[in-house]
């Protein structure tokens, strides 16, 4: 049997404090199967983002709440196919973008829509509004956030096997998405940018400004504490010696809730 696991998990967090509310769905993927808390027939051929799209819809369909659910995903989610999928499923998202990804932006100077890399568009935006002061890598910094509207119309791409056995790039056209582009910067006392995150969201709400979206993305650091407990600073998941996937998955479910309880008690 091939040895190797891919853990996929989701946590609900408060929009006001960022504190974890509860552990949601889990998957443990092996070379032969996917063990899951929400679907025992997950397609093994789904990509990570393909499965995440299915899981996101399942969570929204089954969580009993009258509040909006916003899916916050890190840089791996900068896939136009993934964004179109979430948008088609009527899922709200806040995703971290990659610097070289291309978007469309209406340039006031030239009075025309231009295609531009996200890093270059970020350079056009000033620091914007102050979000909060924090300690980052043991130094005091201030978070700033600014935003503009964009569209994304690029083709979705993926590598597929050709008739001759060689892999080739497949392009798929799709709906043009209207999104918000948010630049979140961490600035030190010398007015230097020490970190910058490029975010995109399909949440258009007059009551939710760039500061709020930046705050929500900042909250993801608290979620990282949960995964740190699982992997290294608590239960040392990556050092487990169990070879039976189902046994490992059951143990994982127990310690995931223990990690959540620990974080609750540390508030």
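The values are calculated or read from the model by the stated rules, or taken from the named source; none is laboratory data. Since the model is a prediction, treat every value here as computed from it, not as a measurement. Every residue, glycine as well, gets a Cβ built from its backbone with ideal geometry; the counts of neighbours run over all protein chains shown.
Observations on the model:
- Taking the criterion of being in a strand (DSSP E or B) and surrounded by 16 or more Cβ atoms within 10 Å (Cβ to Cβ), the residues of segment 13-40 that qualify are 13, 20, 23, 24, 25, 26, 27, 28, 29, 34, 35, 36.
- Only one of the listed residues (99, 132) is in a loop (DSSP other than H, G, I, E, B) and either in contact (Cβ under 8 Å) with a residue 60 or more places away in the chain or in contact with a strand residue (DSSP E or B) (Cβ under 9 Å, 6 or more places away or on another chain) (or both). That residue is 99.
Yes/no matrix, rows are residues, columns are (1) more than 18 Å from the chain's Cα centre (by Cα); (2) crowded, with 20+ Cβ neighbours inside 10 Å; (3) at pLDDT 95 or above; (4) over 24 Å from residue 59 (Cβ atoms):
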{"residue": "81", "(1), (2), (3), (4)": "no, no, yes, no"}
{"residue": "92", "(1), (2), (3), (4)": "no, no, yes, no"}
{"residue": "107", "(1), (2), (3), (4)": "yes, no, no, yes"}
{"residue": "124", "(1), (2), (3), (4)": "yes, no, yes, yes"}
{"residue": "153", "(1), (2), (3), (4)": "yes, no, yes, yes"}
{"residue": "158", "(1), (2), (3), (4)": "yes, no, no, yes"}
{"residue": "187", "(1), (2), (3), (4)": "yes, no, yes, yes"}
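- Test: residue 43 is exposed (fewer than 13 other Cβ atoms within 10 Å of the Cβ) and not in a helix (DSSP H, G or I): yes
- Looking across segment 192-204, the residues that are surrounded by fewer than 19 Cβ atoms within 10 Å (Cβ to Cβ) and touching a residue at least 12 places away in the same chain (Cβ under 8 Å) come down to 194, 195, 196, 202, 203, 204.
- Yes/no for residue 179 being surrounded by 12 or more Cβ atoms within 10 Å (Cβ to Cβ), closer than 25 Å to residue 83 by Cα and in contact with a helix residue (DSSP H, G or I) (Cβ under 6 Å, 6 or more places away or on another chain): no
- Options 171, 84: the member that is in a strand (DSSP E or B) and over 21 Å from residue 197 (Cβ atoms): 171
- Filter result for residue 116 (in a strand (DSSP E or B) and either touching a strand residue (DSSP E or B) at 6+ places or on another chain (Cβ under 9 Å) or loosely packed, with under 13 Cβ neighbours inside 10 Å (or both)): yes
- Residue pairs whose Cβ atoms lie under 6 Å apart, sitting 6 or more positions apart in sequence or on different chains, and linking a residue in segment 207-223 that is over 15 Å from residue 130 (Cβ atoms) to a partner that is at pLDDT below 95 and in a loop (DSSP other than H, G, I, E, B), are 219/18; 222/18.
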